[in-house]
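Each remark here refers to the structure printed beneath this line.
No lab work stands behind these numbers, since they all come straight from the coordinates. Since the structure is predicted, the reported quantities are computational estimates derived from the model, not experimental observations. Virtual Cβ from ideal backbone geometry, glycine too; neighbours counted across all protein chains shown.
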Amino acid sequence: MTDNSSSPLAKGSVSLRLYPHDGPASEQLDEVRELARRAVEVGYDGVMVSEHHAGFPGYFPSPQQMAGFLLAAMPSGWAAPCPLLLPMKPYALIAEEVAWLAAAFPGRVGAGFASGALPVDFELAEVPFDEITQRFKQALPLVVAALRGQADGSLADDRAIAACADQPVPMVAAAQSLAAVRRAARLDLGILYDSLQAVEHVRALSDAYDEAGGTGPKILIRRVWIGGPPGEAVDNQLDLYRTYTTEGTMARWDQGANTVLAANGAEAADQLHAEMAATGTDTINIRIHVVGLSPGFIRDQLDLHGDLVERLKRMLADSSRLS
């Protein structure tokens with residue numbers, strides 16, 4: 001059994017991204033709780049869940065709430081709503097939700113923030129889509145300060161927000177541009193990359209983050225499949241991403257879809273470690289889910305990840321000692 005006692009989103013941590021399968025809500029909840037439990041049992045440090053709305057395939061509408069459901073089912077490890085769509089509602093309400101989640105599960109909650117990309121999300125929130133970038137830039141330093149116990153005004157009176165002064169919530173920001181990584185560095189945030197960014201682009205962003213004085217985790221995202229590849233399901237996943245991604249973002253995608261295909265866990269760990277070295281990243285979030293696959297396929301894959309996680313965490317620890 002691999003130790004999974006790292007703090008949320010810590011450098012060198014290995015986490016799993018969780019998604020719902022296609023089915024009734026109650027079944028989705030049962031399945032994702034089971035996957036979270038299995039993830040920490042095979043050695044993952046924690047899990048992430050991210051946000052979309054209106055039944056968008058593979059996502060949850062309230063990752064803060066979902067993280068609470070998962071933590072209650074996990075015997076150990078952390079959970080992070082990551083990324084949350086920060087422009088969806090006033091930053092103070094998001095800060096309160098995350099802070100109270102952290103109060104309920106001390107030392108086991110992290111958070112990540114993104115501006116968003118899917119118009120229907122903001123239609124439901126009655127937020128003009130053309131305002132989301134500016135709203136994100138304005139809200140990010142405020143929510144970060146709040147979750148470090150440094151809120152201004154009446155928000156500072158919230159007991160869970162105040163408690164963050166003694167136990168700040170670990171946080172990262174989604175990053176696809178030089179401006180984004182430099183903003184994160186100024187705020188002393190870690191960074192979370194997009195799963196399809198090409199190696200060269202991620203390396204340029206990592207270098208810029210380091211040059212700007214960033215000291216937080218630089219989190220690479222990769223999909224992993226052990227054994228035979230999941231056929232055309234990866235292409236289906238890419239088609240889904242294309243429905244809400246800009247041409248500029250797609251131009252920075254890796255044409256291989258950044259999916260690691262390996263015969264076994266040790267081989268997958270070696271490939272992932274090599275990609276982390278090439279991209280200048282030090283932390284990783286792994287995806288198994290591919291749209292259209294049954295829950296049984298995902299559970300079977302996860303059962304093969306024990307060797308992957310153990311070997312990769314050992315390699316990352318050795319790299320950290322040498323640096």
task: For the chain, find the longest principal axis of its Cα atoms and tell me its angle to the long axis of helix 132-146, 0 to 90°, nearest 10.
output: 80 degrees
task: Using +1 at the Cβ of each Lys and Arg and -1 at the Cβ of each Asp and Glu in the chain, identify which of Ala269, Ala212, Gly46 lies farthest towards the dipole's positive end.
output: Ala212
- prompt: If you add up the charges near Ala139, with Lys and Arg at +1 and Asp and Glu at -1, over every other residue whose beta carbon is less than 13 angstrom from its beta carbon, what do you get?
  reply: +3
message: Taking the Cα centroid of segment 170-208 and of segment 67-133, what is the distance between the two, rounded to the nearest whole Å?
response: 19 Å
Non-local Lys pairs in the chain, i.e. 8 or more apart or on different chains, that have alpha carbons under 26 Å apart: 6
statement: The size of the Cβ-based charge dipole (Lys, Arg +1; Asp, Glu -1) of the chain about the Cα centre, to the nearest 20 debye, is 640 debye
query: Full extension from Lys89 to Ala156: what is 0.36 nm times the residue separation minus their Cα-Cα distance, to one decimal in nm?
result: 22.3 nm
- line: Helix-only [θ] at 222 nm, the chain, -39500 (n - 2.57) per DSSP H run of 4+, per residue, nearest 500, equals -14000 deg cm²/dmol
Percent of beta bridges antiparallel (DSSP, the chain, rounded to nearest 5): 5 percent
- prompt: In degrees from 0 to 90, rounded to the nearest 10, what is the angle of the helix 63-73 Cα long axis to the longest principal axis of the chain?
  reply: 60 degrees
field: Projected label distance in nm at Phe129 and Val199, using a 7 Å step from Cα toward the beta-carbon
entry: 3.5 nm
